[in-house]
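> Below are the structure tokens for one structure; questions will follow.
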């Protein structure tokens with residue numbers, strides 16, 4: 001069977017979120033209550049001496065729980081660092097639940113090269129996603145009434161995503177077109193309720209502004225052809241991987257195949273009437289699992305999702321899309337320099353995008369929002385670790401200045 005291990009040969013970079021193309025660096029003091037991470041240790045890493053050992057992978061090393069303070073002190077002293085595997089013990093336990101013995105070791109060793117690939121100095125790519133989730137939680141905890149922390153968090157997000165110059169080469173019409181595409185993607189996932197109504201209003205206002213800026217494009221609707229992963233029980237996978245496997249990924253499972261299909265493909269006669277089971281609502285999540293999970297982990301996840309992805313997975317996707325959209329509305333500033341009515345309209349739609357983000361986050365269906373103080377504290381702890389790890393090596397990456405500005409904005413948040 002061709003599964004997650006075989007996919008590894010096709011490349012590891014597909015799961016990194018698009019908004020992380022421009023990221024940032026942080027310098028801050030150690031948090032008052034440091035978090036505990038799961039790391040992979042090797043013999044020469046003295047920082048692991050006092051770590052709580054969780055498992056062994058001889059002769060490579062072992063994995064352990066380690067306090068942020070130890071990591072930060074070692075990094076600032078220029079000492080060898082362990083590899084950050086998981087942002088918390090809870091994340092590690094979730095990733096290895098249901099696995100036994102060598103399956104756990106295999107899962108850890110499978111993840112190890114993936115977190116090292118694409119790392120900025122000692123900061124693995126997933127840590128940027130962790131701080132993005134933290135920022136969403138701060139906004140959720142602050143609510144519409146906590147404008148100071150909400151605006152401060154969005155300013156930090158703008159800094160981390162490349163600043164207000166990210167879209168400097170876009171025209172006002174291109175800004176509106178990009179925003180319409182983001183809203184259309186959100187509407188494709190929302191099934192009624194206040195958030196769906198809010199984004200419908202935003203779509204109408206964007207269409208009206210586009211009619212002023214680009215009359216010839218105003219009637220052209222944004223209809224995203226979303227890719228989703230389906231399990232097709234009666235389709236056997238190819239015998240070998242072809243050259244396009246990276247563009248057309250699949251996973252052999254239970255005598256059938258899990259593969260990506262666009263909405264336009266599902267509607268074609270070739271697929272109508274077939275027993276398609278929805279497994280993933282987006283390409284990125286499917287690729288993330290293919291590139292980071294063992295076959296045992298992948299099989300466990302697919303079995304759990306055979307009736308469809310859980311609501312929390314869909315809610316997490318919608319929250320990320322809504323957050324990224326609200327951030328990009330602040331970055332795409334060309335409309336502010338256009339002739340009236342564009343500046344006033346764009347300002348109003350930026351506020352509407354934030355209102356809609358609040359609706360999405362409050363409806364996310366996750367655990368109750370943490371208190372604001374706790375949410376800000378978690379963001380600061382993760383941002384501090386990101387900052388220190390990004391600086392734990394030559395600071396030649398273009399990401400470093402962005403992280404510096406991000407960290408400065410996080411430290412300005414009210415407690």
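> Residue under question is residue 121, and the condition is that it be touching a residue at least 24 places away in the same chain (Cβ under 8 Å), touching a helix residue (DSSP H, G or I) at 6+ places or on another chain (Cβ under 7 Å), surrounded by fewer than 21 Cβ atoms within 10 Å (Cβ to Cβ) and closer than 16 Å to residue 384 by Cα; does it hold?
In short, yes.
> Could you list, in sequence order, the residues of region 333-367 that are in a loop (DSSP other than H, G, I, E, B), more than 14 Å from residue 176 (Cα to Cα) and in contact with a helix residue (DSSP H, G or I) (Cβ under 7 Å, 6 or more places away or on another chain)?
363, 364, 365, 366
Yes or no, residue by residue, for (1) farther than 18 Å from residue 131 by Cβ; (2) touching a strand residue (DSSP E or B) at 6+ places or on another chain (Cβ under 6 Å):
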{"residue": "334", "(1), (2)": "yes, no"}
{"residue": "338", "(1), (2)": "yes, no"}
{"residue": "360", "(1), (2)": "yes, no"}
{"residue": "382", "(1), (2)": "no, no"}
{"residue": "397", "(1), (2)": "no, yes"}
{"residue": "407", "(1), (2)": "no, no"}
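> Right, something else. Please return the ranges of helices (runs of 4 or more DSSP H) entirely within region 197-313 where 2 or more residues are touching a helix residue (DSSP H, G or I) at 6+ places or on another chain (Cβ under 9 Å), at pLDDT 90 or above and more than 30 Å from residue 361 (Cβ to Cβ).
Where helices (runs of 4 or more DSSP H) fall fully within region 197-313 and carry at least 2 residues being touching a helix residue (DSSP H, G or I) at 6+ places or on another chain (Cβ under 9 Å), at pLDDT 90 or above and more than 30 Å from residue 361 (Cβ to Cβ), they are 295-304.
> Given the structure, is residue 84 part of a strand (DSSP E or B) and within 22 Å of residue 160 (Cα to Cα)?
yes
> For region 81-93, how many residues meet the condition of being exposed (fewer than 15 other Cβ atoms within 10 Å of the Cβ) and within 19 Å of residue 114 (Cα to Cα)?
Qualifying residue count, region 81-93: 1.
> Name the residues in region 98-123 that are assigned to a loop (DSSP other than H, G, I, E, B) and within 24 Å of residue 59 (Cα to Cα), would you?
Filtering region 98-123 down to residues assigned to a loop (DSSP other than H, G, I, E, B) leaves 98-101, 117-119, 121-122.
Result: 99, 100, 101, 117, 119, 122.
> Going by the conditions given, is residue 127 outside any helix (DSSP H, G or I) and crowded, with 17+ Cβ neighbours inside 10 Å? Step through it out loud before you land on a result.
On the way: outside any helix (DSSP H, G or I): no; crowded, with 17+ Cβ neighbours inside 10 Å: yes.
Taking the combined requirement at face value, the residue does not satisfy it.
> Any residue in region 152-180 that is free of Cβ contacts under 8 Å to residues at least 12 places away in the same chain sitting within a Cβ distance under 9 Å of a residue that is part of a helix (DSSP H, G or I)? List the pairs, counting only those 6 or more apart or interchain.
165/331; 165/333; 169/334
> Which numbered condition in (1) modelled with pLDDT under 95; (2) in a helix (DSSP H, G or I) is the only one that residue 396 fails?
(2)
> Would region 248-261 turn up any residue that is farther than 30 Å from residue 307 by Cβ and touching a residue at least 40 places away in the same chain (Cβ under 8 Å)?
Within region 248-261, none of the residues are farther than 30 Å from residue 307 by Cβ and touching a residue at least 40 places away in the same chain (Cβ under 8 Å).
> Take residue 185 and decide whether it is in contact with a helix residue (DSSP H, G or I) (Cβ under 8 Å, 6 or more places away or on another chain) and part of a helix (DSSP H, G or I).
Criteria met by residue 185.
> Of the residues 156, 141, only one is within 30 Å of residue 80 (Cα to Cα), in contact with a helix residue (DSSP H, G or I) (Cβ under 7 Å, 6 or more places away or on another chain) and assigned to a helix (DSSP H, G or I); which?
Sole residue among the options that is within 30 Å of residue 80 (Cα to Cα), in contact with a helix residue (DSSP H, G or I) (Cβ under 7 Å, 6 or more places away or on another chain) and assigned to a helix (DSSP H, G or I): 156.
The values are calculated or read from the model by the stated rules, or taken from the named source; none is laboratory data. Everything numeric here is computed off the predicted structure, so don't read it as measured data. Glycine gets a Cβ as well: all are built from the backbone with ideal geometry, and neighbour counts include every protein chain shown.
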